[in-house]
1. Give the carbon-plus-sulfur fraction of the accessible surface of the protein assembly as shown in %, rounded to a whole number; probe 1.4 Å, heavy atoms of protein chains only.
2. Heavy atoms of the protein only, probe of 1.4 Å, neighbouring chains included. What is the accessible area of B:T217 in Å², nearest 10?
3. Using the Cα centre of region B:7-329 as origin and beta-carbon charges of +1 (Lys, Arg) and -1 (Asp, Glu), tell me which of B:L304, B:P184, B:S247 is placed farthest towards the positive end of the dipole.
4. Run lengths n ≥ 4 of DSSP H only: what is the helix-derived mean residue ellipticity at 222 nm for chain B, with -39500 (n - 2.57) per run over all residues, to the nearest 500?
5. In 5 Å bins starting at zero, report the fraction of Cα pairs in chain A per bin as a rounded %.
6. If you take each beta carbon of peptide A:40-48 and count the beta carbons of other chains within 10 angstrom, what is the mean?
7. With a 1.4 Å probe and every protein chain left in place, work out the accessible area per residue of the protein assembly as shown in Å², rounded to a whole number.
8. Please average, across the residues of A:54-65, the number of beta carbons from any other chain that are within 10 Å of each residue's own beta carbon, and give a whole number.
Amino acid sequence: MAVKQISVFLENKQGRLLAVTKNLQERRVNIRALSVADTADFGILRMIVDKPNEAYQGLKQGGFTVSFTEVIVVEMEDVPGGLGKVLAVLSEAGANVEYVYAFCNSDTGGAINVLRLDKQEEGIKALTAAGIRVLTDGEIFNI
Amino acid sequence: MVLYWNRPRECMERGQLEVLQLRRLQKTVQAVYHNVSYYREKMQEADIYPEDIRSLADVVNLPFTTKQDLRDSYPYGSFAVPLSQIVRLHASTGTTGKPTVVGYTREDIDAWAELTARGICCVGGGKDDVVQVSYGYGLFTGGLGMHYGAERMGASVIPTSAGNSRRQAMLMNDFGSTILCCTPSYALLLSEILKEAKIPVEDLKLKIGIFGAEPWTEQMRDEIQKRLQINAYNIYGLSEVMGPGVSIECPEKNGMHIWEDHFLPEVINPETGEPLPDGQIGELVISCITKQGMPMVRYRTRDLTSITHEKCACGRTHARIARIMGRSDDMLIIRGVNVFPSQVESALLAMGEVSPHYHLVVTRENNLDILEVQVEVSENLFSDKVRSLEGLAARVKKEVENTINLGCKISLVEPRSLPRSEGKSVRVTDLRKI
């Protein structure tokens, strides 16, 4: 039930993120969620897109270093304590969060949480058992 | 007043000097032919034998010696005497991780001290001087080479070695150093440290600087002379041939005298190997004609310069070489350390996880050379975890630094962002204004 996330290596140089978005736009790929991790010298762009395979091929041909990473996408209540509930489950299951980013879903009024865990399988199991909705590729792309 | 350390030798009439050179060259060629296997093999291959050297002009018939020969005979294969007669070993950076080893007999060390003393005297030094040697001591020949020369001259030597600049500045002031020996860029750095430490240059006793081990310019000389209020002189040497003191300027500051009673210099076209006339720029080739431990015959220095045999206004008859203008190979000199791009490449390949494109960028900040190694992050190296990429950069840094013996900065860059040219990649961007 893991979802394909696209990761792109970016140098900390002007116009690099723009170049990625242009590349995706040409292939009519829509970005659903995005985050950038940055250091002094480089950044890592992480995205959930509607057409991951097209995006991967396009970026690769465009000369970017790109990879797929499996992430877990969960839906949670957009209320105080919503994220806490998810994290409590993961903590209980002994799964560590490597990174996380979130966005609101205006259609459902819920919030969407993208997680990368050190123990993905255990995490998914625990979340599902706790009644938290773990989204599939199809579901997230149609949000 | 012109001072000479050894006037009869330094001002020897050229005819006599050449007689001496021929005699010494013949002796050296005999020695290497009989004692060093690669010389013998090369000479036999070229069908030339020691008895064929009848005049100095015959030197052009002898095969060249290259750094590769030294590498192939690592560590002791190029010594012309048994190890029991070697009293000192030095080493310089090699291209493949293995250094180039040089060995000296007691007489070689003696001659080296003598020539370096001659050089310090040539720029106006004497026994009353306090000589601060801020070249690195150790396997590098700079520190110990200058040290022995200054000591031979009778000066008071402060063996500070390189680094710890604050302390260097303090000692320079407190001990009343009159002569500073270091790389030109380090001299500029020290001038700034002095300023920071609020030590007025006017209070210093410093009057002479002997700078070398890296390429520099007349503009840098002007700058150093102005900042430190001294006379700055250019010195040249290389460990394969001896070390510092092979060649040095005189107060005329118009070329460096190469001590021809110990070395036979030639300038050749680096492409064809043909000898070039005086005044034309080419590669400096040196034959050692008095060395015993490791006599280099027609050693290709890869340094580009020109030569003149005209008598100098200082009265010395020994030929002068111009300021080194560059290299005929891709070697870089960074903070006095020889760096070949291929070393970085072998370090990266040794890591196993990479066969990357890389690019070296050399800059100079605050008068110190900075080496940046840019490494392309290919798909097999990429991880979407910051920690992993930073770990990769740290591993690359460690591996590269261990290989080149020099600190560097590693930058991970996007693939295909580094310059490529047809065939050979452009591996180096040198942004130093030297």
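1. C and S fraction of accessible area: 49 percent.
2. 30
3. In region B:7-329, that residue is B:P184.
4. It lands at -9500 deg cm²/dmol.
5. 2, 10, 20, 21, 18, 14, 10, 5, 1
6. 3
7. Dividing the accessible area of the protein assembly as shown by its residue count gives 44 Å².
8. 2
The values are calculated or read from the model by the stated rules, or taken from the named source; none is laboratory data. Because the structure is a prediction, the values reported are computed rather than measured. Every residue, glycine as well, gets a Cβ built from its backbone with ideal geometry; the counts of neighbours run over all protein chains shown. In case anyone asks, the SASA skips ligands and DNA or RNA and just uses the protein heavy atoms, side chains included. Shrake-Rupley method; radii C 1.70, N 1.55, O 1.52, S 1.80 Å.
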